[in-house]
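The values are calculated or read from the model by the stated rules, or taken from the named source; none is laboratory data. Just so it is clear, the structure is predicted and the values come from calculations on it, not from any experiment. We place every Cβ from the backbone using ideal geometry, glycine too, and count neighbours over all the protein chains shown. In case anyone asks, the SASA skips ligands and DNA or RNA and just uses the protein heavy atoms, side chains included. Shrake-Rupley method; radii C 1.70, N 1.55, O 1.52, S 1.80 Å.
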Amino acid sequence: MGRRYDASEIEPKWQRVWADERLYEASEDPADARPRFYALDMFPYPSGDLHMGHAEAFSGGDTIARYRWMRGFNVLHPIGWDAFGLPAENAAIKRGVPPAEWTRANIDQQARSFQRMGMSFDWTRRLATSDPEYYRWTQWLFLRFFEKGLAYRKESPVNWCPKDQTVLANEQVIQGACERCGTMVERRNLTQWFFKITDYAQRLLDDVGTLDEWPERVITMQRNWIGRSEGARVTFVIEETGEEIEVFTTRPDTLWGVTFFVFSVEHPAVEPLAKLGGTWEEVGPLIERARRTSMVDREAAVDTKEGAFLGVYAVNPVNGERVPVYAAPYVLMEYGTGAIMAVPAHDERDFAFARQHGLPVRVVIQPPGAEPVDPDAMTEAMPHDGVMVNSGPFDGEPSPESIAKVAAWLAEEGRGEAAVSFRLRDWLLSRQRYWGAPIPIVHCPTCGEVAVPDDELPVRLPDDADFQLGGESPLSRHPSWKHVACPRCGGDATRDTDTMDTFVDSSWYLFRYCSPGYDDGPFRREDVDRWMPVGQYTGGVEHAILHLLYVRFFTKVLYDLGMVGFTEPFPKLMNQGQVIFDGASMSKSKGNLVEPMPIVERWGADTMRLIMLFAGPFEDDIDWKLIASDPNRRPGVHSWLGRVFAAVGDAVERGPSATEPEALVRLTHKTILGVTEDLDRFRFNTAISKLQVLTNEMRSALDAGAGAMAAARALVQLLAPFAPYAAEELWRIDLGQPASVHMSSWPSFDPSLVVDDRVTMVFQVDGKLRDKAEVPADIAADDALSLAFGSEKVATAIGGREVVKQIVRAPKLVNLVTSG
Ligand SMILES: [Zn+2]
Ligand SMILES: [Zn+2]
């Protein structure tokens, strides 16, 4: 008696059937009239088998894709791998396995695990960014950027390990030291490739405003990263040399409070000026020290007091005052112009520096109504809202309203101009690494930078490179790879030996999915126009800044190239939380790593998916310790699937002619409505709990001898996006349906059956309960009163006295207060 649930028996069976039926392939049939929906998951990095983060993210993304099919969409749900990157190269160094081999093995492993988990991917579109047929087009796109002047080279600092003699990525620098050997990392300047994303800063910012279906915090992160500020560009002149140095300030209204001038220590003007000023002995070591500090540390914490006088003076353009010029690490070369005007009275870091170096402080904005402040008595910088003082022609002007006036005056006087500055810097894409897409440029002593002709792409990676550390990059050290004839003049030339940042690969994979195998370009415009923009993008919030920004940038460039017809790639974005353990992130080194696939083997893929989706709101973190600390205890959702099987089995046995109780019929329709609304808002956890309630109600009906066939049918369909194997088994076997539940039509509800239940209203007289009635939940106050007055029991209780007050709290209560 009773239908048993056995995941190990049903899951492999349906996995094979789905593959044979090619169930999840997107249709490109022009006669297919269904609307299209592109369900996109951030593609995984193949560093071993799937981890908990994958299990969670893809369970959510797959639920959305399956739901869309059942709602009648032609769904594109592709999968691929972000397959270039450092871990493959590290593995090659450690274990002697070539990166291509290591990557391929991990991809195959992850692909098997995805299939085991029942992911509804269209496997015909599978890609890996390290495949030559993919990176051929990554290189092709680079060349289009290069032609447009959007890819260029300039000198820029990198992290350098003096012992290993190699460039390190930021993530390879741990507290200023080399991850491998512990040597303190230095900074070195290298000529490197950049994408000119700053040309798109304003458009990237403007269009963030149209992304109203993105999480608010992601919008804020995008805005802050782009970091637009308005102010003025002002030119100071070095008194000794006549050199003009531009600075950007958001507060030109504080120009009269400038008491010194500061260069970033990396600014090219520092060395000559210090030599001229006779202070090189003091300044030189400061520059040396800063160079030895890794870039990571520089960004993190800077001692604002450190710095040295250059022995020269700068002239303030607004009042002709000469102020001393310093070099200090707290001014970053990467921001603004690498030089600042210092206003210690109104800037915290300038104030700390001034106090350390005994520099004057001059208040130029006075808080309204306050007594004038003695600069010598100040212990911190003052807020800069108030009235301008000590500011020549602008004394008495209210600030910050005066900023625009001062900027206009600067322009009129030829001393500066209003300007906008962005925090966003150009995208450094050079990596001195092997396992990436080679940059398709040839350096010729005669012709300079020459693009590799399109028909010679891809520039393939050599498969016999030496990955051991030391000296330059593996491509540069290869004995023959870089030596080529110049494509333009035929003379001896060398290939560029840098490879591209893997963020370049992942900036266009979503377009490639639309045109798998296409051979005449990265994608076909008609394909992309059919499927994109993406209907739903799902992935981790850790990619909320760079990855999303870079794809948005690529999309805008592709639009400008006439290759796509839209400027934002994914108007709808959903971020899942992280899977953590006991409040901390999971990691091998902490010993708290739980892996999903053993759980899938033990309890089934449906159980794994349900655990992830039922744990809480999708965007919240899941603490594994709290939900499944004992691997041998049956998970609650697994027991529930057992009850679903038993209930559906019993309902079938009882047959379709057995009457279903009214309460079950109503609950079924309410559940259809509720789960639909929840899925539209990605509230997977509340949808699952509604299905559990429906299961219980079915059980009660069956135990009472009633039928439950309609409820069973709805339950199985509503379950399908969450637990695809269990639902398919019940649909095709128990309910005897000929085709897959996943392509069935989403159940509909009868609106008259989902109206909220009637509620009990109580009628009081002088606070005493006299009668009750069943009323609609949305009853109006007047109707409630007439019901109360119409009650015989109420009339008796009033007994002819005057009602002096009527208290109505619909739909709960009416209280009639009498004179007596
Ligand atoms: Zn090292
Ligand atoms: Zn040449």
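Multiplying the sequence separation of Ala704 and Asp582 by 0.36 nm and subtracting their Cα-Cα distance, what value in nm do you get? Before the final figure, lay out each step's value.
On the way: separation 122, 0.36 × 122 = 43.92 nm, distance 4.37 nm.
The Ala704-Asp582 span can extend by a further 39.5 nm.
So, in nm, how far is label Val754 from label Glu774 when the simple model puts each one 7 Å beyond its Cα toward the Cβ?
2.2
Tally the DSSP beta bridges in the chain and give the antiparallel ones as a percent, rounded to 5.
75
Which whole-number value in Å² is the accessible area per residue of segment 206-254, probe 1.4 Å?
About 49 Å² of surface per residue is accessible.
Answer rounded, prolate or oblate for segment 511-649, using the Cα gyration tensor with square roots of eigenvalues a ≥ b ≥ c: rounded when a/c is under 1.5, else prolate when a/b is larger than b/c, else oblate.
In terms of gyration-tensor shape, prolate.
Give the Rg/Rh ratio for segment 554-595, taking Rg as the radius of gyration of the Cα atoms and Rh as the Kirkwood radius, to two decimals.
1.41
Each label point is 7 Å from the Cα along the Cα-to-Cβ direction; what then is the distance between the points at Tyr518 and Glu28, in nm?
For Tyr518 paired with Glu28, the spin-label model returns 1.0 nm.
Find out how many positive minus negative residues lie around Phe353, taking Lys and Arg as positive, Asp and Glu as negative, among other residues whose Cβ is under 12 Å from that of Phe353.
Local charge sum for Phe353: -2.
Setting aside same-chain residues fewer than 8 positions from Lys148, which aspartates and glutamates have a Cα under 17 Å from its Cα?
Of all the aspartates and glutamates, those that pass the test against Lys148 - Cα under 17 Å, at least 8 places apart if same chain - are Asp199, Asp426, Glu449, Asp454, Asp560.
Would you calculate a helix-derived [θ] at 222 nm for the chain, using -39,500 (n - 2.57) for each DSSP H run of n ≥ 4 and dividing by the full residue count, to the nearest 500? Provide the component values of the computation, followed by the final result.
Numbers: 27 runs with 294 residues, N = 820.
Roughly -11000 deg cm²/dmol at 222 nm, from the helical runs in the chain.
Could you compute the FRET efficiency for Glu662 and Ser689, with r as their C-beta to C-beta distance and R0 at 22 Å, rounded to 0.05? Write down the numbers at each step before the final one.
Details: r = 23 Å, r/R0 = 1.03.
So the FRET efficiency works out to roughly 0.45.
Fully extended, how many nm does the chain gain between Glu282 and Asp621 (0.36 nm per residue separation, minus their Cα-Cα distance)?
Answer, rounded to one decimal: 116.9 nm.
Calculate, for Glu802 and Arg681, the FRET efficiency according to 1/(1 + (r/R0)^6) with r their C-beta to C-beta distance and R0 60 Å; round to the nearest 0.05.
With R0 = 60 Å, the Cβ-Cβ based efficiency is 0.70.
For Thr818 and Leu673, compute 0.36 nm times the residue count separating them, minus their Cα-Cα distance, and round to one decimal in nm.
That works out to 47.7 nm of additional length.
What shape does segment 8-60 have by the C-alpha gyration tensor, where a ≥ b ≥ c are the square roots of the eigenvalues, rounded means a/c under 1.5, and otherwise prolate means a/b greater than b/c and oblate the rest?
oblate
Can you give me the accessible area per residue for segment 688-820, using a 1.4 Å probe, in Å²?
Per residue, segment 688-820 has 48 Å² of solvent-accessible surface.
Based on the Cβ-Cβ distance of Asp385 and Ile219, what FRET efficiency does E = 1/(1 + (r/R0)^6) give at R0 = 22 Å, to the nearest 0.05?
With a Förster radius of 22 Å, E is 0.20.
Tally Lys/Arg at +1 and Asp/Glu at -1 over every other residue whose Cβ is under 14 Å from the Cβ of Glu401; what's the total?
Local net charge: -2.
Taking a 24 Å limit on the Cα-Cα distance, which of the listed pairs Lys768/Lys812; Lys196/Lys482; Lys572/Lys690; Lys154/Lys275; Lys196/Lys275; Lys94/Lys590 fall beyond it?
Values: Lys768/Lys812 14 Å; Lys196/Lys482 26 Å; Lys572/Lys690 26 Å; Lys154/Lys275 26 Å; Lys196/Lys275 34 Å; Lys94/Lys590 21 Å.
Check vs 24 Å cut-off fails for Lys196/Lys482; Lys572/Lys690; Lys154/Lys275; Lys196/Lys275.
Sequence neighbours fewer than 8 away in the same chain don't count; with that in mind, list the aspartates and glutamates whose C-alpha is under 17 Å from Lys772.
Within the straight-line cut-off, Lys772 pairs with Asp757, Asp782, Asp783, Glu792.
In Å², what does the accessible area per residue of segment 622-676 work out to with a 1.4 Å probe?
Normalised by residue count, the accessible surface of segment 622-676 is 48 Å².
Taking segment 12-98 as the region of interest, what is the percent of Cα-Cα pairs per 5 angstrom bin, listed from the shortest bin to the one with the maximum distance?
3, 11, 16, 18, 17, 12, 9, 8, 4, 2, 1
Using a probe of 1.4 angstrom, how much of the accessible area of the chain is carbon and sulfur, in percent?
49
In nanometres, what is the gap between the two model label sites at Gln468 and Trp140, each 7 Å from Cα along Cα-to-Cβ?
Going by the 7 Å Cα→Cβ label model, 3.9 nm.
Could you work out the mean projected area of the convex hull around the alpha carbons of segment 444-575, in square nanometres to one decimal?
Approximately 10.8 nm², given one-decimal rounding.
Radius of gyration and Dmax for the chain's Cα atoms, expressed in Å?
Both quantities, over Cα of the chain: 34.4, 115 Å.
Could you give the C-alpha radius of gyration of segment 413-499 expressed as a fraction of 2.2 N^0.38 Å, taking N as the number of residues it contains?
After normalising by residue count via 2.2 N^0.38 Å, the value is 1.51.
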